[in-house]
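The values are calculated or read from the model by the stated rules, or taken from the named source; none is laboratory data. These numbers were taken from a predicted model, which means no experiment stands behind them. No Cβ is skipped: glycine too gets one built from the backbone with ideal geometry, and neighbour counts run over all protein chains shown.
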Amino acid sequence: MAPAETYPAVTDVDEPVDVHSAVAEHAVEIATARKDILRIATAGSVDDGKSTLIGRLLYDSKAIFEDQYEAVARASKGDHVDLALLTDGLRAEREQGITIDVAYRYFATPRRTFILGDTPGHVQYTRNMVTGASTADLAIVLVDARKGMVEQSRRHAFLASLLRVPHLVVAVNKMDLVDWSEQTFDAIADEFSAFAAKLSVPDLTVVPISALHGDNVVTHSPNTPWYEGPTLLHHLEHVHVASDRNLTDARFPVQYVVRPQTEAHHDYRGYAGTVASGVFRPGDEVQVLPSGLTTTVAGIDGPRGPVEEAFPPMSVTLRLDDDLDVSRGDLVCKPENAPTATQDLDALVCWMADEPLRPRQRIAVKHTTRTVRAMVKELAYRLDVNTLHRDREATELGLNDIGRVRLRATQPLFVDDYIRNRVTGRFILVDEATNATVGAGMLTPAG
Amino acid sequence: MTTPDYRLSQLETLEAESIHVIREVAAELERPVLLFSGGKDSIVMLELARKAFAPARIPFPVMHVDTGLNFPDVLEFRDKRVAELGVQLIVASVPDAIARGLVKEEPNGSRNRIQTPVLLDAVEEHGFTALFGGARRDEDKARAKERVFSFRDEFGQWDPKNQRPELWDLYNGRIHLGESIRVFPLSNWTELDIWQYIAREQIAIPPLYLAQEREVVERHGMLYAVNEFIRPKDGEQPFRATVRYRTVGDANLTAAVRSEATTVEEVIAEIAVTRMTERGATRGDDKVSDAAMEDRKKEGYF
C-alpha cells in the first residue's frame, strides 16, 4: 500500500479548527453542496478485497476520521495500515469468527452522499445480500482478477438482478497481481456481460482496480493506459439514477390519517404517506382503493407546508375534496391507471427462517401499508441461485432458498409487478407465532 | 417547491425517510414514546415528529432519562420546546432511582450505565411498546449494524446475532407482551446532515452548541468546562478558552472543543473539517474500550 497520507490534526486541544485553509474549503464545499443520495450494496468475502475496497473508498473520500484511522493503524499487523480493519465489525463477530449482517457506511463527495450497505459473503449470504440490495440503487460485485468469475460472483449478480438493482458494477480487483493485463480484464468483462445479458441487468459497468493500491478507485491509474472508462468513484458520482424511479404510475399507500380535531384545524383531514410512484398534484382526479370512489386532490402538504407536486420518495399528506372513508392500508391512484386488486399473489420469495416454508402454511403478508393473512397455496419451483435451475420437485423452501410461490390472501392487495414498480411489487412475510420476518417477496407475472 | 428533474436533495430524502418511519410506528405500535434529551439529535428527531403529524399534535409523549447531571441550559431548552409543542414530558429520574435503591452510584461517578435500568423501569411502568431514539449509524460500529426497527426482548436487550431482516421500507413492528421496539429514525443521518438540517430549517438549539468563552481544565487530552459537576483536580490549572460542545451528555463527562463558531453555519464549517469523530472527541465514557457501546447496547442502552 502507498504510504498513508496524513490529515492535518485539526482537533488538537491546543488549536481551534482553521476553516480557511484549502483542505477546509474543500471539506466545507462537500458538506454544504446540494447533493442527492446513492445507495450502494456491496457483497463478497474478505478474500475478494471487499473490505479493503470499502476502506479505500472511505479513506480516499476522506470519510475516515483521524481517531478511527489511528485505531486501525494500531491494530494493523506489519508495515501497512490495513484499511480492511476499518470495516471490522462487532466484538461478538470477531470472537466467533462470524459476520453478522449488513453494516452501513456513509461517505460523501461534493456531488453525492453515499449510503453503502456492506454485506458479508459466506454465512447467510442470500438473506444478507437480499436485505442489502433491497434498497440499493447500485450493486458492486467484486471479482478477483486471478480467479475470474466464480460461483459467488454469479450469485451476487443474480441476487442484484432479482432485486432489480438498476445499476451493476463489476470491480475486477487485484489487477496488480495479473500484471495489469488488458486481456485478462477483457476476458472477465466479456464473460460477465454475457451472463448479465441473461439476467436482463439494465446497466453494467466493469472497472479494473487495485483496492490495495488505489488504482482506478478514485484516480485514474497509470498502470491501465488501455482502460478508458471511469474510475469507480467517478462512476458512483455520475451514474444517472433519477430515471430509475417510476414516475408514471401514481400510487400512494395511505399510511396514517391526520385529524388534528383542534379549533384552528377543525375540518382538517389529511392522508399521510410516502409516494410510492408517479406524481400527484393538487387538482388531480384520483381514485381510492378498495372503495373505488373518485375525488380530487384538494391540496398536498409537505414538511414545509403546501407543495405543488409530490413524487417518490416524498412523505406528504394528501387532502381530498370529498369526505370519503379512507384509512391506513387504502391506496390512492389515478382512475385510468390503477394497480391490480388481487388476493392471489404470485411471487419469487426469498426465505429467511430456519423453519422451512411449505404449502398450506399460514403467514402474514405486509405489502405497502397493508397487512393481511395468507396461505401458501403452491410452491411452483425452487431456484438454484448458482445454476438458475428450477427444481419443480421441491416441496419446501429452506433458509436462504429462493422459489416461486403462490399465496392466497384473505383480502385483496393492490399490486404491480416488481419489475415495473419496486414499491407496490414487494412484500415481506411475517411468522404470526414468532413475529419474525421470515421472507421477502417480489411479485412476478404468473407463468 | 418545483423540482423539474424529480430529485430530492440528501436532506429532503433523509427527512422523508425519517417521517415515514415515525408515521409507521404511530400507525402500528400501541404506545410509542420519543426519547428527548435536549441534545441536537433528539431535537431534530422531535422536529421530524412534529412535521410527520402537522397540523395535528405529535400523538405520543416524550421522555427524558434525567441523570441529574445535566447542563442547566439543556434542561431549560427541553422544557421550553416541550411546552411549545404541547406534548407530554415524562421524566425518568436517575437520582430518584438511586434514592429508591433501584440502582447504585458507580465509583467513577458515571451514570451512563445505571441509566439503563431507570429507562427500562419507566418503559415498564408506562407500558411503552416503541421507543424512538436519536442514534445514528455513523456514530459507532455497533450502531452501524443496528436496524431502524430494533427488536428488544422483555429485558430490553439487543441481540446482534438475531436481528430481524429489514427489507425495503417494510418495517416489522410486531411484538409480544413485554417486548418492545427501539426505533431509530435518524439511522442514515450523519453528524453533518444533522447540522445542515438545523441550519436549513432554522431549528433552535441550546446555546451550549455555539462557541463561548469558558473556564476549562485539560483532562486526558480533552477540555472540560468548570461547572457544578467538574471541579479542577490537584495539578489541573483552570484557564479561559473559547469552546463549544459537539455532543451534550452528562455535564461531568462531556468535554468541549476549541471553537470560534458562534453560528450554526460556522459550526458546519468546523465539523466539515474536523477529522475526529464526535464521540472520540468528546465522550469520556466511550474511551473505556473498543466495544463499550456494543456492551451497553446489549444491556438495553440506546
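Of all residue pairs spaced 6 or more apart or on separate chains, those with beta-carbon atoms under 6 Å, a first member in the range A:336-362 that is free of Cβ contacts under 8 Å to residues at least 24 places away in the same chain and a second member that is outside any loop (DSSP other than H, G, I, E, B) and not basic (Lys, Arg) are A:361/A:376. Scanning the range B:251-266 for residues that are under 14 Å from residue B:205 (Cα atoms), more than 10 Å from chain A (Cβ to nearest Cβ) and not in a loop (DSSP other than H, G, I, E, B) yields a total of 1. Against the numbered list (1) within 9 Å of chain A (Cβ to nearest Cβ); (2) in contact (Cβ under 8 Å) with a residue 24 or more places away in the chain; (3) surrounded by 23 or more Cβ atoms within 10 Å (Cβ to Cβ); (4) not polar (S, T, N, Q), residue B:167 comes up short only at (2). Among residues of the range B:65-84 that are within 19 Å of residue B:134 (Cα to Cα), those with a beta-carbon under 8 Å from a residue that is surrounded by fewer than 18 Cβ atoms within 10 Å (Cβ to Cβ) and among the small types (Gly, Ala, Ser) at least six positions away or on a different chain give the pairs B:66/B:93; B:77/B:204; B:81/B:204. Residue A:248 meets the conditions (1) of a type in the set (Val, Ile, Thr); (2) part of a loop (DSSP other than H, G, I, E, B); (3) crowded, with 18+ Cβ neighbours inside 10 Å in every case but one. The failed one is (3). In the condition set (1) within 14 Å of chain A (Cβ to nearest Cβ); (2) surrounded by fewer than 23 Cβ atoms within 10 Å (Cβ to Cβ); (3) under 30 Å from residue B:269 (Cα atoms), residue B:82 is compliant with all but (1).
Is there a residue being at pLDDT 95 or above, in a loop (DSSP other than H, G, I, E, B) and touching a strand residue (DSSP E or B) at 6+ places or on another chain (Cβ under 8 Å) anywhere in the range B:66-85? The answer is no; no qualifying residue exists.
Conditions (1) part of a loop (DSSP other than H, G, I, E, B); (2) at pLDDT below 80, marked per residue:
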site: A:94; (1), (2): no, yes
site: A:99; (1), (2): yes, yes
site: A:105; (1), (2): no, no
site: A:117; (1), (2): no, no
site: A:133; (1), (2): no, no
site: A:152; (1), (2): no, no
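Of the residues making up the range B:2-50, just one is at positive phi and at the interface with another protein chain (Cβ under 8 Å from one of its Cβ atoms), namely B:6. Per this entry, residue B:185 is counted among residues that are part of a loop (DSSP other than H, G, I, E, B) and within 19 Å of residue B:39 (Cα to Cα).
Within the range A:291-308, being at positive phi and either assigned to a loop (DSSP other than H, G, I, E, B) or more than 14 Å from chain B (Cβ to nearest Cβ) (or both) holds for one residue alone: A:292. Can you tell me which of (1) in contact with a Ser or Thr (Cβ under 8 Å, 6 or more places away or on another chain); (2) part of a loop (DSSP other than H, G, I, E, B) is the one residue A:271 doesn't meet? Condition (2) is where residue A:271 drops out. Take the conditions (1) within 21 Å of the chain's Cα centre (by Cα); (2) under 30 Å from residue A:288 (Cβ atoms); residue A:401 misses just one of them, which is (2).
When residue A:316 is tested against (1) in a loop (DSSP other than H, G, I, E, B); (2) within 14 Å of chain B (Cβ to nearest Cβ); (3) without any contact (Cβ under 8 Å) to a residue 60 or more places away in the chain; (4) closer than 25 Å to residue A:417 by Cα, only condition (1) is not met.
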